[in-house]
Amino acid sequence: MLYDDTIAAIATPHGEGGIGIVRLSGPGALPILERMFVPARPGAWRPFRMRYGQVQASGGARVDEALAVWMRAPRSYTAEDVAEISCHGGPLVLRRVLALALHYGARAAEPGEFTMRAFANGRIDLAQAEATLDVIQAKTDTALALAQAQLGGWLAAELRPIRELLLAPLAFCTALVDFPEDEVEPQPVAEPLGAALREIERLHASAGQGIVYRQGARVVLAGRPNAGKSSLLNALLRADRAIVTPIPGTTRDTLEETANLAGVPVVLVDTAGIAESADPVERLGVARSRAALAAADLALLVVDASAQAAPEDAEIAALLAAKPAILVMNKCDLLSEAGRQNDARQAFDALLSRAGCLPVAVVATSALSGAGLAELAQAIAAALLGGAPAHGDRMVSNPRHRDALARAAGHLRDAIAGHAAALPADLLAVDMTAALAAIGEITGDGVDDDLLATIFSKFCIGK
């Protein structure tokens, strides 16, 4: 697909910075650049060569000192002619440079339109286009590695042979329907369908961990007042983010901070201690704590290991009966003897069991000394990932891709069952066509405009 207009946008984040970039893409990129940018050394523009000069308004007034480059199609991000002007990163300067590009004939780009053109022009597939946004938004090294692997095109490469497996049996079933009076050479159906289903299920299975690495999760620290929740938050963050005092009830509201725990981006939510109170502010804080627990992907039930288990602990544990939880026995440094730690754990285990809360892990920690913090981070990651982290960077990490794979697998199971039951060929063809369409939603083959608009609307303007 070739576009006949030229778009322009500021390609760097809002705010002040040392450098800001205005990007143009389309057939008018070079003519517009030649009208608004005056190189310090005259001469014809050569592709992929940075030039120093000035951005000038139509009357010759200097707008800014800048560097500019022209990238000739198809060797550019969009596979079109692209020009980029690197000027000073002040908002006013960038707006003036962009306004000049628009004045000379460019159109303001829509969100994600540069990447949309790269996809439409065949430079990248749809999964790679989405990976572009994932690279920008990655919060951990693992998430970045997954996004960069997908940007390299591995998912489409894995889906291509699966698609090929389905084409032959689909063609056979279609021929049986279209040419019922002719003798159609028999073709295997069950075997390629089964092979395709196994590959789809393998990819789908990787999405459980991949999506957690990409999106992260919410982990709420809950417990009685003065159990050490805020101290534990600060210790995990390695920063004094929450106010800590010996006075129970210091925290009266939820506090959220993002941390990288064993490669998983986690939003840690510190909450007010859950307990009965006559103070209206504390009661409001407790209500917010309960709401945060309800929205959490994982709860850390923080208890004071040096204190006896109390009915309040059981009440909090009952709130977590239907949610994955880790029992964090904090202040273990106050239990000098191993026997005392074992006794405390048995007491809390019995209390949680009566409350119907079965934690996925129990970790002894000391926010003061740092003991157990590494083990807690690993336990949080394992609970969110559903087990030990998988190795490698080839995991499905996009919920949309996971859903499409699930639908493709469902259609293939129906086709396999239908073939075993000797259903008519046209019904089998319907299921195989639907499976191929679901795969196409990932790679971009045959995808409709509404879905494309939804995907690219999530991008920033200028990308």
For n ≥ 4 DSSP H runs only, could you compute -39500 (n - 2.57) per run for the chain, divide by its residues and tell me the 222 nm figure to the nearest 500? -15000 deg cm²/dmol
Looking at region 331-463, I'd like the Rg to Rh ratio, where Rg is from alpha-carbon atoms and Rh is Kirkwood's inverse mean 1/r. 1.24
Charge dipole of region 7-125 about the Cα centre (unit charges at C-beta), most positive-ward option of Val38, Ala8, Gly105: Val38
State the answer as a single residue: which of Leu159, Ala196, Gly410 lies farthest towards the positive end of the charge dipole of the chain, with beta carbon charges of +1 for Lys and Arg and -1 for Asp and Glu, about the Cα centre. Leu159
Farthest toward the dipole's positive end in the chain, which of Thr443, His88, Val269, given Cβ charges of +1 (Lys, Arg) and -1 (Asp, Glu) about the Cα centre? His88
Counting only Cα atoms, I'd like the Rg/Rh figure for region 7-125, Kirkwood definition for Rh. 0.95
Going by how many other beta carbons lie within 10 Å of each one, how would you line up Val63, Val363, fewest first? Val63, Val363
Report D for the chain in µm² per second (integer): Stokes-Einstein, Kirkwood Rh on Cα pairs, 4 °C, 1.567 mPa s. 49
Between Ala371 and His391, what is the spin-label point distance in nm, taking each point 7 Å from the Cα along the Cα→C-beta axis? 3.3
Can you tell me the relative contact order of the chain? Whole percent, Cα pairs under 8 Å, sequence separation 6 or more. 17
Within the chain, percent of DSSP bridges classed antiparallel, to nearest 5: 60
Starting from the Kirkwood Rh over alpha-carbon pairs, what translational D in µm² s⁻¹ does region 85-196 have by Stokes-Einstein at 10 °C and 1.306 mPa s? 85
Only counting other Cβ atoms within 10 Å, I'd like Leu255, Leu98, Leu233 sorted with the fewest neighbours first. Leu255, Leu98, Leu233
Would you mind checking the tilt of helix 91-103 against the longest principal axis of the Cα atoms of the chain, expressed as 0 to 90 degrees and rounded to 10? 30
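Read-outs: derived from the displayed coordinates by stated rules, not from any lab. A quick note: this is a predicted structure, and the numbers were derived from the prediction, not measured. Note that each Cβ is placed from the backbone with ideal geometry, even for glycine, and that neighbours are counted across all protein chains shown.
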